[in-house]
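Step one of this worksheet: look at the structure below.
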């Protein structure tokens, strides 16, 4: 009952806040519909902030290197390459990132002399590579948390903490001008971040870490290299599972209420997918907060064969 009450209050608060805030103005730089394709056009005139891009790149690289350091420590401690490859795999998410950005209406200002790669006609700055590299440290944290076999509520609290941290972190980056949301974005609650994006990234990397943990015996040695593929595909799968309602809202000229409700559906789908991962992949009843399972057998390991 308490959780249900909190959810209802959160929905009401979000609706009140978004009704008070001025939504995107059709015809503005952030919400101009392409006459041929009928979808919002990127704000190409958004200035490139060179110093802020350097700051973001350095900071996120430093976070990513912490993850690499933890992975190297695990090699020395257990001989397993898996945590290190899990940390390194975060950077590969920068490739499908472009697809999320095109359909989700995110624009990264770029420099002719300082962009990392181009996909779908989108030039992407180096800091986004570093940004996803930084997620590797978070994935190692998830992996180690799962290894400790905590109560299920600790995993939920970890996800809630990650979501809250994401809001703070992204609002700072948005104020720095290193990327910009456009189109008819739902659930802009505080300043610039549309909250429907939060579960897409956080559940995506949780899925990758959960797969690494569940199949830790099969992913020994050279097989751990497969995380370089598993991680970006995990994040892409979660976007595919939950983001469609918000993608529809972002790329259309819908009234306020349907726009916000579509964003809320994405968040609800995110919670459902997180619970599904707990149940099917980790063997945890998602809504039994104090549940501590017997050690989840590593797929392919000795325990799983008994």
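Could you please let me know if residue 71 is at pLDDT below 95 and out of contact with any strand residue (DSSP E or B) (no Cβ under 9 Å at 6 or more places or on another chain)?
On the way: at pLDDT below 95: no; out of contact with any strand residue (DSSP E or B) (no Cβ under 9 Å at 6 or more places or on another chain): yes.
It is false that residue 71 is at pLDDT below 95 and out of contact with any strand residue (DSSP E or B) (no Cβ under 9 Å at 6 or more places or on another chain).
If we scan region 224-236, do we find a residue that is touching a strand residue (DSSP E or B) at 6+ places or on another chain (Cβ under 8 Å), part of a helix (DSSP H, G or I) and surrounded by 18 or more Cβ atoms within 10 Å (Cβ to Cβ)?
No, there is no match, as no residue in region 224-236 is touching a strand residue (DSSP E or B) at 6+ places or on another chain (Cβ under 8 Å), part of a helix (DSSP H, G or I) and surrounded by 18 or more Cβ atoms within 10 Å (Cβ to Cβ).
Search region 243-257 for residues that are under 18 Å from residue 273 (Cβ atoms) and pair each with any residue that is not in a helix (DSSP H, G or I) when their beta-carbon atoms are under 6 Å apart and the residues are at least 6 apart or on different chains.
246/186; 246/196
Yes or no: residue 296 in contact with a helix residue (DSSP H, G or I) (Cβ under 8 Å, 6 or more places away or on another chain), buried (at least 17 other Cβ atoms within 10 Å of the Cβ) and either farther than 25 Å from residue 107 by Cβ or at pLDDT below 95 (or both)?
In short, yes.
Inspect all residues belonging to region 194-217 and state whether any of them is surrounded by fewer than 16 Cβ atoms within 10 Å (Cβ to Cβ) and not in a helix (DSSP H, G or I).
no
Of all residues being surrounded by 18 or more Cβ atoms within 10 Å (Cβ to Cβ) and modelled with pLDDT of 95 or more in region 163-177, which is farthest from the chain's Cα centre (by Cα)? Just the residue, please.
It comes out as 173.
Tally time: how many residues in region 97-143 are farther than 20 Å from residue 183 by Cα and either touching a residue at least 24 places away in the same chain (Cβ under 8 Å) or not in a helix (DSSP H, G or I) (or both)?
27
Have a look at 117, 107 and point out the one that is farther than 22 Å from residue 194 by Cα and touching a strand residue (DSSP E or B) at 6+ places or on another chain (Cβ under 7 Å).
Of 117, 107, the one residue that is farther than 22 Å from residue 194 by Cα and touching a strand residue (DSSP E or B) at 6+ places or on another chain (Cβ under 7 Å) is 117.
Kindly evaluate residue 150 against the criterion of being modelled with pLDDT of 95 or more and not in a helix (DSSP H, G or I).
yes
Consider residue 92 carefully, then state whether it is in a helix (DSSP H, G or I), farther than 19 Å from residue 205 by Cβ, modelled with pLDDT of 95 or more and within 21 Å of the chain's Cα centre (by Cα). Outline the logic, then answer.
Working: in a helix (DSSP H, G or I): yes; farther than 19 Å from residue 205 by Cβ: no; modelled with pLDDT of 95 or more: yes; within 21 Å of the chain's Cα centre (by Cα): yes.
Considered against the rule, which asks whether it is in a helix (DSSP H, G or I), farther than 19 Å from residue 205 by Cβ, modelled with pLDDT of 95 or more and within 21 Å of the chain's Cα centre (by Cα), residue 92 comes out as no.
Of the conditions (1) more than 19 Å from residue 40 (Cα to Cα); (2) modelled with pLDDT of 95 or more, residue 250 fails just one. Which one is it?
(1)
Given the condition farther than 25 Å from residue 272 by Cα and surrounded by 15 or more Cβ atoms within 10 Å (Cβ to Cβ), answer yes or no: does some residue in region 17-26 qualify?
Yes, that holds for at least one residue.
Please state which one of 82, 86 is buried (at least 21 other Cβ atoms within 10 Å of the Cβ), over 20 Å from the mean Cα position of the chain (by Cα) and under 18 Å from residue 231 (Cβ atoms).
From the options 82, 86, the qualifying one is 82.
Scan region 1-13 and report the pairs whose first residue is farther than 15 Å from residue 160 by Cβ and whose second residue is surrounded by 10 or more Cβ atoms within 10 Å (Cβ to Cβ) and at pLDDT 90 or above, with Cβ atoms within less than 9 Å and a gap of 6+ or a chain change.
11/264; 13/189
Consider region 155-193. How many of its residues are in contact with a helix residue (DSSP H, G or I) (Cβ under 8 Å, 6 or more places away or on another chain) and part of a loop (DSSP other than H, G, I, E, B)?
13
Scan region 29-44 for residues that are at pLDDT 90 or above and either surrounded by 10 or more Cβ atoms within 10 Å (Cβ to Cβ) or part of a helix (DSSP H, G or I) (or both) and jot them down.
Matches in region 29-44: 30, 31, 32, 33, 34, 38, 39, 40, 41, 42, 43.
The values are calculated or read from the model by the stated rules, or taken from the named source; none is laboratory data. What you see is a predicted model; the values in this text were computed from it and never measured. A quick note on method: Cβ atoms are made from the backbone with ideal geometry, for glycine too, and the neighbour counts reach across all protein chains shown.
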